[in-house]
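Asks: Following this message is one structure expressed as structure tokens.
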């Protein structure tokens with residue numbers, strides 16, 4: 001069946017059922033392939049005049065633009081158009097407990113300029129967010145862009161965040177941050193959409209985007225001073241009802257020791273297998289260690305005690321991941337965070353227990369791998385979080401109507 | 001910005017970005033509200049002639065039809081059209097280990113006729129599926145429909161199923177079923193689309209559809225002879241990479257006893273807290289019990305030993321659910337299955353541990369409730385699984401083109 005009659009205007013995108021606007025057209029371009037207007041008419045089924053109007057709007061916004069000319073059969077060759085990721089930039093911040101990374105990326109998530117600094121999260125939101133703002137302005141200029149080229153800010157923070165409002169919720173290591181309006185801070189100063197999430201969700205997004213976009217169900221585990229995870233399901237972060245999903249650190253370890261955790265419960269994974277827990281154990285054994293990095297240094301230096309403890313931490317993490325595998329059935333587990341730099345011992349311990357303990361059906365095609373993105377995962381993920389949001393069809397349609405991405 | 005130019009034909013729905021076909025129009029009607037053609041033009045932004053063509057196709061398929069006349073300002077009143085759930089029927093089966101339930105529903109998931117029978121899953125696929133076919137034909141007639149009114153079959157089975165192919169995968173209590181082509185069986189005999197999933201996913205869908213459609217993240221737990229769960233995330237079943245998600249039964253219970261499980265591991269939840277495990281323990285205590293129903297009978301009869309063991313099973317299930325809450329952050333946990341009929345003791349034990357053990361942020365708004373759908377959850381869920389699939393825009397568009405729902 002083929003419909004040949006007219007369609008009189010852009011369809012209500014709020015209905016959710018119908019999508020024919022500029023935003024939907026931009027999605028066609030996001031595969032990166034250049035197209036002529038005539039090809040778009042064939043590919044989308046939209047009328048030539050409709051394509052012209054929508055393309056003109058996208059060109060005016062600089063989201064798509066001309067590339068090399070197509071081969072023509074004569075006369076002026078038709079213009080080839082393509083998604084133009086360099087049109088605008090995103091400011092992306094990965095804020096840890098004691099250091100911060102900041103990058104400016106294009107609309108394809110490529111880092112153009114970046115910086116890092118030692119920065120204590122406990123210095124409070126005004127200090128930390130001002131650092132992002134000040135350095136962000138410099139990085140945008142360094143990348144050769146104007147302030148008005150910025151379309152969004154993405155921030156990963158080392159604690160629980162209510163994603164819808166962007167406010168931290170009772171973050172244990174972040175005095176002064178509880179309920180702070182991070183979105184409002186940047187909207188007021190930079191005038192752009194700002195999205196905030198916890199650092200592990202953002203790292204999971206970055207890792208998925210950079211190296212594992214073929215994995216439908218990915219579980220990213222960060223093992224550092226603390227332990228946390230981010231779940232990617234069908235390409236999207238699973239945040240759960242209040243954004244608390246993925247908290248591995250305070251799950252009780254089956255067969256684990258009854259150690260008291262800072263959360264008030266006993267036997268939590270974080271109290272047994274985190275970098276902080278191993279450092280404390282090594283220090284008690286007489287080999288002083290102040291955190292994950294010291295543990296990594298001792299393990300790489302060949303300390304049998306450090307290697308043994310890292311391996312056991314891998315097994316303890318594996319006990320909890322075995323439950324996560326039965327529940328969530330991921331196709332890929334990625335182990336990241338500073339403790340994963342201690343060599344193969346951590347991941348070997350994880351594999352040992354997960355493959356022994358999880359259901360055969362769930363592990364048959366399960367891969368357990370080391371993080372590949374390393375220290376840039378958080379910045380890339382914070383950028384991708386913003387890009388995915390702003391380039392959604394409904395957002396782009398609003399943008400075309402209002403002339404600028406809507407600030408929430 | 002408003003586009004006023006023509007749109008020349010139905011847009012390629014395979015692109016995923018654009019949806020303007022009959023399927024998208026049907027979604028507009030699924031809220032149940034009747035509309036005139038003129039209202040559809042206003043609501044959707046489609047041209048009048050486009051609406052007429054798409055509506056005619058939907059009326060021809062009987063998916064929408066006329067209802068009461070609208071108030072008119074004079075002359076012949078315009079026809080009010082509405083989604084017509086009675087147009088076609090779905091055959092929905094909930095197959096347990098030792099009994100089967102079967103229903104015929106309309107396209108709104110309402111059960112029109114149903115039946116149940118004692119049926120041993122170990123009798124094999126030919127016997128069990130023939131029971132569905134034979135009784136299905138009778139039920140369709142009993143409901144006043146013709147065989148050609150059937151548009152799909154949904155089946156829940158008591159074991160792991162690869163949802164994409166509809167084949168059971170190494171199901172432990174289902175001899176002869178491993179890899180059996182359930183879809184092919186019904187497609188050959190009844191000529192319609194068939195979807196298969198494990199019984200707990202199907203029950204979770206039914207429970208969510210019937211009573212908790214406002215819950216974005218629901219975890220349904222079935223406690224019977226075995227223990228399993230189904231996760232509903234943003235209205236959809238989370239099946240994971242190979243359809244194995246939600247297997248609570250073989251997660252090791254933190255602080256649990258080291259009992260050998262039939263899966264070969266020790267300390268699994270199912271080996272400690274299932275109806276079968278409690279029945280075995282009661283029998284060993286001298287109070288003979290052959291399964292969940294006997295446990296329920298003893299508990300309801302006031303046996304202190306039975307009540308104590310059901311309560312402890314609730315706590316053990318709570319230990320595992322506490323991990324699931326930290327990982328998945330549901331807004332609602334629904335406890336179903338035959339053992340949940342033992343009164344408030346099971347759910348009281350679950351609540352006791354989950355609220356003590358899970359993160360405060362994750363439990364702040366968490367509700368833990370008893371199943372409301374009871375024994376019909378599986379049939380309703382199997383029907384909803386089929387309806388949700390067949391009424392997807394791309395499926396409806398194919399249907400309008402080919403005249404009948406596509407058999408995969």
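The values are calculated or read from the model by the stated rules, or taken from the named source; none is laboratory data. It should be emphasised that the depicted structure is a prediction, and the values quoted were computed from it without experimental measurement. Cβ coordinates were reconstructed from backbone atoms using ideal geometry, including for glycine residues, and neighbour counts include every protein chain displayed.
Asks: Condition (residue is out of contact with any strand residue (DSSP E or B) (no Cβ under 7 Å at 6 or more places or on another chain) and outside any helix (DSSP H, G or I)) applied to the range B:291-301: is it met by at least one residue?
Replies: Within the range B:291-301, one or more residues are out of contact with any strand residue (DSSP E or B) (no Cβ under 7 Å at 6 or more places or on another chain) and outside any helix (DSSP H, G or I).
Asks: When you check residue A:241 against the structure, is it outside any helix (DSSP H, G or I), within 14 Å of chain B (Cβ to nearest Cβ) and surrounded by fewer than 24 Cβ atoms within 10 Å (Cβ to Cβ), yes or no?
Replies: yes
Asks: Inspect the range A:359-366 for any residue being closer than 26 Å to residue A:224 by Cβ, out of contact with any strand residue (DSSP E or B) (no Cβ under 9 Å at 6 or more places or on another chain) and assigned by TED's automatic domain parsing to the domain that holds residue A:274 and give the result as yes or no.
Replies: Yes, that holds for at least one residue.
Asks: For the condition closer than 20 Å to residue B:341 by Cα, over 12 Å from the mean Cα position of the chain (by Cα), assigned by TED's automatic domain parsing to the domain that holds residue B:326 and touching a residue at least 24 places away in the same chain (Cβ under 8 Å), what is the one hit in B:249, B:243?
Replies: B:249
Asks: Looking only at the range A:20-27, decide whether some residue is in contact with a strand residue (DSSP E or B) (Cβ under 6 Å, 6 or more places away or on another chain), in a helix (DSSP H, G or I), closer than 20 Å to residue A:391 by Cβ and modelled with pLDDT of 85 or more.
Replies: no
Asks: Continuing with this model, one more query. Which members of the range B:244-269 meet the condition of being within 8 Å of another protein chain (Cβ to nearest Cβ) and at positive phi?
Replies: Listed by number, the residues that qualify are B:246, B:255, B:267.
Asks: Oh, and also: Right, residue A:317: within 25 Å of the chain's Cα centre (by Cα) and within 12 Å of another protein chain (Cβ to nearest Cβ) or not?
Replies: no
Asks: Is the range A:324-343 home to any residue that is crowded, with 23+ Cβ neighbours inside 10 Å, more than 14 Å from chain B (Cβ to nearest Cβ), at positive phi and not in a helix (DSSP H, G or I)?
Replies: The answer is yes; a qualifying residue exists.
Asks: To continue, here is another question. Given the conditions (1) part of a loop (DSSP other than H, G, I, E, B); (2) under 20 Å from residue A:122 (Cα atoms); (3) within 14 Å of chain B (Cβ to nearest Cβ); (4) touching a helix residue (DSSP H, G or I) at 6+ places or on another chain (Cβ under 8 Å), report the number of the one that residue A:228 does not fulfil.
Replies: (1)
Asks: Filtering the range B:349-400 down to residues that are out of contact with any helix residue (DSSP H, G or I) (no Cβ under 9 Å at 6 or more places or on another chain) and within 12 Å of chain A (Cβ to nearest Cβ), which residue is surrounded by the most Cβ atoms within 10 Å (Cβ to Cβ)?
Replies: In this case the residue turns out to be B:361.
Asks: Test each condition in (1) out of contact with any strand residue (DSSP E or B) (no Cβ under 8 Å at 6 or more places or on another chain); (2) within 14 Å of chain B (Cβ to nearest Cβ); (3) in a loop (DSSP other than H, G, I, E, B); (4) more than 26 Å from residue B:244 (Cα to Cα) for residue A:272 and report the one that comes out false.
Replies: Condition not satisfied by residue A:272: (3).
Asks: Would you call residue B:184 at pLDDT 95 or above, surrounded by fewer than 21 Cβ atoms within 10 Å (Cβ to Cβ) and away from chain A (no Cβ under 12 Å)?
Replies: Taking the combined requirement at face value, the residue satisfies it.
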